[in-house]
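The values are calculated or read from the model by the stated rules, or taken from the named source; none is laboratory data. Just so it is clear, the model here is predicted, and its values are computed rather than measured. When we count neighbours, we look across all protein chains shown, and the Cβ atoms used for this are built from the backbone with ideal geometry, even at glycine.
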Amino acid sequence: MNYGYPIRNKGLQKKIKPGETVIHVLLFLAGFISIFTTIGIVFVLGKDAWLFFRLPEVNLWDFLTGTSWQPHINKFGILPLFTSTLLTTAIAMTIAIPLGLAAAIYLSEYASQKARKIIKPTLELLAGIPTIVYGYFALTMVTPLLRSIFGANIVEIYNTGSAGLVMGILILPLVASICEDSLSAVPRTLRDAAYGLGATKLEVAIKIVLPAALSGISAAIILGITRAIGETMIVAVAAGAGPNLTLNPFKGAETMTGHIVRISGGDLSYDSIDYNSIFAIGLFLFLITLVLNIISQRIVRKYREVYE
């Protein structure tokens, strides 16, 4: 007779296998290394950025609002670099979002299993191409095409337009893959219920499946934006090598990542103010991506649908 005391059965107790212990330790080490690496990056950027901002020639307000980046005359306004970064990102997402979402809807709602097995790996193959190849593709293929369409006197050889267009092709597989996974995760019962009410396949995809997967789609878009902001080689090769405050996509302009590549690979000494400025730019980039990730997490939590 049991008088409220728990019954213990040694045969039902959980047995820890050696293989599971090894896996738990490896997962813990992976998480610890990731956190330690992030802390190390923040520490290095913060330390060197502090050395830059404490110089008498540098003012934080001028750094954030200045319209000229000319370190040789002590002008450190980041707006030209920031504006060109936003311009290339906007062009890239104009390509990646509609095409990626359309590809995801097709793969999730229209494509047959045979077509999915062919199209999806082919689409994801684009993400495996080195970005330096994309950069030279933008410079040698896309830029001449733009110059032939709009005129050589309008489109410069180095311009943010071609860099942004090719960057959109680079980000397209990322957006399409995550959006397709989100759409496929929507329960089949929602689709069947809509079909039972007489909805067409397009209406089901747009009015039922798409809103239900909104959290995953939003996360994919923000992840694509962060990927575009942090892209380096495409803009370093095709966008231009001089800070220029312009919103004209046919003009050359240097992005933040492109400037970091040019300065870090040049002949400047490690103790120069020009070299130390790249750590301030890197910290600014880190803060931008951090804010975008926080926004992404809030959107996911707000619009997440839980199905039972």
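Quick notes on this one:
- All positions within region 259-274 that are touching a helix residue (DSSP H, G or I) at 6+ places or on another chain (Cβ under 8 Å) and either more than 17 Å from I41 (Cα to Cα) or modelled with pLDDT of 85 or more (or both): H259, I260, V261, R262, I263, L268, S269, I273, D274
- Any hit, region 17-24, residues being more than 16 Å from L283 (Cα to Cα), in contact with a helix residue (DSSP H, G or I) (Cβ under 7 Å, 6 or more places away or on another chain) and in a helix (DSSP H, G or I): no
- Against the test of being among the aliphatic types (A, V, I, L, M), surrounded by 14 or more Cβ atoms within 10 Å (Cβ to Cβ), in the same structural domain as G242 (by TED's automatic domain parsing) and closer than 22 Å to I222 by Cα, the options L183, L139, L146 yield a single qualifying residue, L183.
- Identity of the residue in region 149-166, in contact with a Lys or Arg (Cβ under 9 Å, 6 or more places away or on another chain) and closer than 30 Å to A219 by Cβ, that ends up surrounded by the most Cβ atoms within 10 Å (Cβ to Cβ): T160
- In region 48-67, residue nearest to T246 (Cα to Cα) [restricted to those that are touching a residue at least 60 places away in the same chain (Cβ under 8 Å) and assigned to a helix (DSSP H, G or I)]: F63
- Count - residues of region 226-237 that are closer than 18 Å to F286 by Cβ and surrounded by fewer than 24 Cβ atoms within 10 Å (Cβ to Cβ): 5
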